[in-house]
Amino acid sequence: MTKQDITRIKQLLSTPKKIVIVTHKNPDGDAIGSTLGLYHYLIKSHDDVTVMTPNDYPTFLKWVPGESSILKYDTQTAACNKLIEDTDIIFTLDFNAFHRTGNMESVLSKNASIKIMIDHHQEPDDYAAYTYSDVSMSSTCQMIYHFIDMLGHTDSIDTNIATCLYVGIMTDTGSFRFRSTTSKTHRIIAKLIDKGADNTTIHNNIYDTNSYKRLQLLGCALSNLKIVPESRTAYITLSQNELNKFDYKKGDTEGVVNYALSLDNVIFAAIFIEDRQEGIIKISLRSKGEFSVNEFSKTHFNGGGHNNAAGGRSELSLKNTIESFISILPSYNKALNND
Ligand code: 5GP
Ligand code: MN
């Protein structure tokens, strides 16, 4: 984002505007934190600001300040369409292409309002009038902090904004341990705590609200864990029957793939989760070091993301998806045994 872009955005926001903020399907902590953080900032000077998500999000996010005002496109379609039609500006946060919004793709791509993209995924599409894309950033929440800073308004960061931004930085960095976490990230986190973000409460709300069933599902996932030592790879499967057995709720499998990656001498981890309703296998990929799961997912599983964390999908059965994964691995053995 250039200085000129910032000057123009300042001008744009200096008079009352109707604003819609959207994020990707199956929103995570960074999606909810960044949209609501920006919402609390914009609502100080604009009356008409709405956050919309394509669909619902996990219960462990249903306390983030402002969360109850979010409209969900899949169940509130008419209201959302009207707001999108009438809006002056649409901020698109934490995704790089409209197809990542699922059912909102066509209405967003047809819409003529001014788009402002703020995102840290690789290869952003070129749909926005203003694009703030930086793949080195820990999270979109960190970028919202920088955005507010570029607009010269860090003084206006209050407890609500600080709490929202803390949520996304914490969740997207695996609690400040991934490589994208820099000293700058920590300096911003320190400022957010000074502004009122209660780090202990936020951590508890996100991570320490497990149900007994969720832990049993984790147990099932761990007992399905397999290792492919020659490829330094580990993977987990969860079938729809297993999900049903443990009363699966949205968000229950979040972070499970990291257990596979925590194994000694494993640098590539995957989880394959059957979704019979959508007729797909949802795939999460994680790596350590240079091995790019973004490339792997783009090449084989119709997805993408970041170097060390990406998502994808398969339309084969769970069994055939695993077979295909196993058959692909040997061609990566060299790269996987490189460091
Ligand atoms: P997860 O495995 O948690 O679903 O996704 C890991 C990361 O990759 C997240 O940052 C997510 O936004 C991104 N991601 C997941 N699926 C896709 C996809 O299909 N395309 C792209 N570009 N990014 C994805
Ligand atoms: Mn993110």
Margin query: Pairs needed: first member in segment 69-98, free of Cβ contacts under 8 Å to residues at least 24 places away in the same chain; second member anywhere, open to solvent by less than 50 Å² (accessible area, probe 1.4 Å) and part of a helix (DSSP H, G or I); C-beta distance under 6 Å; at least 6 residues apart or different chains.
Written below: 71/80
Notebook entry, point to check: Taking residue 59, is it within 24 Å of residue 297 (Cβ to Cβ), more than 15 Å from ligand 2 (Cβ to nearest atom) and either open to solvent by less than 10 Å² (accessible area, probe 1.4 Å) or within 19 Å of the chain's Cα centre (by Cα) (or both)?
Noted result: no
Next item on the list: Examine segment 240-247 for a residue that is in the same structural domain as residue 307 (by TED's automatic domain parsing) and in contact (Cβ under 8 Å) with a residue 40 or more places away in the chain, and state whether such a residue exists.
Entry: no
Margin query: Given (1) in a loop (DSSP other than H, G, I, E, B); (2) within 22 Å of residue 149 (Cβ to Cβ); (3) hydrophobic (A, V, I, L, M, F, W, C), identify the lone condition not met by residue 63.
Written below: (2)
Notebook entry, point to check: If you check every pair at least six apart or on different chains, which have Cβ atoms under 7 Å apart with a residue in segment 118-131 that is free of Cβ contacts under 8 Å to residues at least 60 places away in the same chain and acidic (Asp, Glu) first and a residue that is open to solvent by less than 30 Å² (accessible area, probe 1.4 Å) and within 16 Å of ligand 2 (Cβ to nearest atom) second?
Noted result: 119/93; 119/94; 119/95; 119/96; 119/140; 125/96; 125/97
Next item on the list: Sort through 253, 299 and tell me the only one that's crowded, with 16+ Cβ neighbours inside 10 Å and either more than 16 Å from ligand 2 (Cβ to nearest atom) or under 16 Å from the mean Cα position of the chain (by Cα) (or both).
Entry: 253
Next item on the list: Kindly check whether there is at least one residue in segment 268-277 that is among the aromatic types (Phe, Trp, Tyr) and over 24 Å from residue 30 (Cα atoms).
Entry: no
Note to self: With the requirement that a residue be under 21 Å from the mean Cα position of the chain (by Cα), free of Cβ contacts under 8 Å to residues at least 40 places away in the same chain and open to solvent by 80 Å² or more (accessible area, probe 1.4 Å), what does segment 187-213 give you?
What the structure shows: 208
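The values are calculated or read from the model by the stated rules, or taken from the named source; none is laboratory data. Since we're looking at a predicted model, the values are computed, not measured. Glycine gets a Cβ as well: all are built from the backbone with ideal geometry, and neighbour counts include every protein chain shown. The protein model used for the area step is the full one, side chains on, heavy atoms only, and it has no ligands, DNA or RNA in it. Shrake-Rupley method; radii C 1.70, N 1.55, O 1.52, S 1.80 Å.
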